[in-house]
Amino acid sequence: MSWHGLRELIWWHPSEVTKAVVEYSVWALAIAWCVRVRGLVMNLHTIADLSSMDWDIGPADMPSLTVVVPAKDEAERIAATCEALLMADYPRIKIVCVDDRSTDATGAIMDEIAARAGGKIEVLHILDLPDGWLGKTFALAEATRQSDSDWLLYTDADVLFSPSILRRALAYAEATKSDHLVVMPTVEIQGRGEGMMLGFLQIFAMWASRPWKIAELKSKRDAVGVGAFNMIRRSALEELGGWAPQRLAVVEDVMLGRRVKAAGMQQRVAFAPGLVLLHWAKGAGGIVRVLTKNMYASVGFQPLLMLLVIGLLLLFCVAPVAGVFWWRTLLPAALVMLCVAAAYRTIAEASHVDARYGWLFPVGAVMTAWAMMRSMFVVMIEGGVTWRGTKYPLWELRRHNDPWMWEMAAARERRAAKGKR
């Protein structure tokens, strides 16, 4: 068709042009889904499963490990986490529990368990938070400063560990010469709302970072960090400058992963079905409330970027569902639905989140979009993030939560080094 003919078509038949744009757009979405899900299906099995017999071993050099458990007002759950860690079958382990200004019995419970743990648990009590720090990052920094182990494992106060997982994880990290290892937890689901949200968030995460690319140094944007199991070699953390550079990072676990990857260090992710257990939040509403703290921070508190992410989420995950009801987009929309089903089925084998929650995929997408919008509006209205009783002002957080700051800094360093040659 000539340019004149195209112009005539647009001028006299705008509805046909709109229909064609919609049709080709849905096909473009279908192709994008096919490419990403093909990568998932073809490569997810390459990620190590630490629950297998192959990893029921210990590290050859027996490095020392410090497990850091920060807790604020976790009296209901901290005892179970500490007791589970005390059952670890790895001999060179030290547990540092940090009572981060708790107003309940968290600190007393820690002291009681430590008193009968035979020196395996050390308790730190933080009474005041210095300016310029988040409570959790300061707790992690203090525990790190008061330990001298070869490896550090940062976890949360509501995570349960099997006796063998620390030994298996160290064996894998040493065998692969890793600097940073993330073990994905098995999330306990106590209702359909939780299953719907967690099932969708797994698919959403697949677009943010490809787990099968984590080990590739060239894949700078494919980084990972999970608060339940963030294990890092001490020498690597010291080379990064410790926790101080990210002292106001709200999503500190993900930020640590980005720093490791930007620095060109060796990062690994592994599955361990049933060996690291976590109940994230109660019901779909509980998950939305947790995301209120995290989502806006994950884009560096940038409203335009947040709106862009929400728009893309709805475009990729909700629009194809509507396409099923129009014959011209029925085929590409059905192709997207098949990709979604394949993604749920593939991830379910490792995460143990029932693939049948895929039927609620569009509802999970809308709920996640709402959580993002809610996160942005709550933070903007309150002028900051309020978490665990402490408010952190937005103007200060913006300077420390840029999602690309570490990649840009590393790129500048590489250019400077190249210019000196």
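The values are calculated or read from the model by the stated rules, or taken from the named source; none is laboratory data. Owing to the predicted nature of the structure, the values given are computational and were not obtained by experimental measurement. Cβ coordinates were reconstructed from backbone atoms using ideal geometry, including for glycine residues, and neighbour counts include every protein chain displayed. Ligands, DNA and RNA are excluded from the accessible area calculation, which covers all protein heavy atoms including side chains. Shrake-Rupley method; radii C 1.70, N 1.55, O 1.52, S 1.80 Å.
Here the label points at E112 and A20, each 7 Å from Cα along the C-beta direction, are separated by 7.4 nm in the simple model.
In the stretch 288-328, what is the volume of the convex hull around the alpha carbon atoms, normalised per residue and reported in Å³? Present the calculation step by step, with values, prior to reporting the outcome.
On the way: hull volume 2.9 nm³, N = 41.
Considering the Cα atoms of the stretch 288-328, their hull volume per residue is 71 Å³.
Most tightly packed first, judged by the mean number of other beta-carbon atoms within 10 Å of their residues, the peptides 96-102, 247-253 read 96-102, 247-253. Annotation: the stretch 45-184 has a Kirkwood hydrodynamic radius of 15.7 angstrom, from the mean reciprocal C-alpha pair distance.
Can you pull the Rg over Rh of the chain, Cα-only, Kirkwood? Show your work: numbers first, answer last.
On the way: Rg = 23.3 Å, Rh = 23.1 Å.
Ratio of gyration radius to Kirkwood radius for the chain: 1.01.
Computed from Cα positions, the angle between helix 14-43 and the longest principal axis of the chain comes to roughly 30 degrees. Extension gain for the segment H45 to I31, taken as residue separation times 0.36 nm less the Cα-Cα distance, is 2.8 nm to one decimal. Here the spin labels are modelled as points 7 Å beyond Cα on the Cα-Cβ line, and at R289 and A334 they lie 4.4 nm apart.
Peptides 239-246, 104-111: what's the order by average Cβ count within 10 Å, highest mean first? Let's see the in-between values first.
Details: 239-246: 17.0, 104-111: 19.6.
Those peptides, ordered most packed to least, come out 104-111, 239-246.
If you filter the stretch 261-297 for trypsin sites (Lys or Arg not before Pro), then keep DSSP loop positions with at most 15 other Cβ within 10 Å, what is left? Could you put the intermediate results ahead of the total?
Numbers: sites: K261, R268, K282, R289, K293; in loops: K282.
When the trypsin sites (Lys or Arg not before Pro) of the stretch 261-297 are filtered for loop state and at most 15 Cβ neighbours within 10 Å, K282 remain.
So what's the angle, to the nearest 10 degrees on a 0 to 90 scale, between helix 361-382 and the longest Cα principal axis of the chain? That helix lies at roughly 70 degrees to the long axis. For a straight C-alpha distance cut-off of 17 angstrom, the lysines reachable from K391 (same-chain residues fewer than eight places away being disregarded) are K72, K136, K293.
Annotation: per residue accessible area for the chain equals 48 Å², rounded to a whole number [probe 1.4 Å, protein chains only].
Please work out the Cα center distance from the stretch 379-404 to the stretch 42-96, rounded to the nearest Å. The stretch 379-404 and the stretch 42-96 have Cα centres separated by 31 Å. Which lysines, if any, have their Cα less than 26 Å from the Cα of K218, not counting same-chain residues under 8 positions apart? Excluding near neighbours in sequence, the set is K177, K261, K418, K420. Lysines within cross-link reach of K120: Cα-Cα under 19 Å, excluding same-chain residues under 8 positions apart? Once the sequence-local lysines are set aside, what remains near K120 is K94. Spatially, the stretch 166-229 and the stretch 335-363 are offset by 17 Å when compared through their Cα centroids. Taking the longest Cα principal axis of the chain as reference, the axis of helix 106-115 is set at about 50 degrees. Highest average first, the peptides 172-182, 376-386 ordered by how many other beta carbon atoms sit within 10 Å of their residues are 172-182, 376-386.
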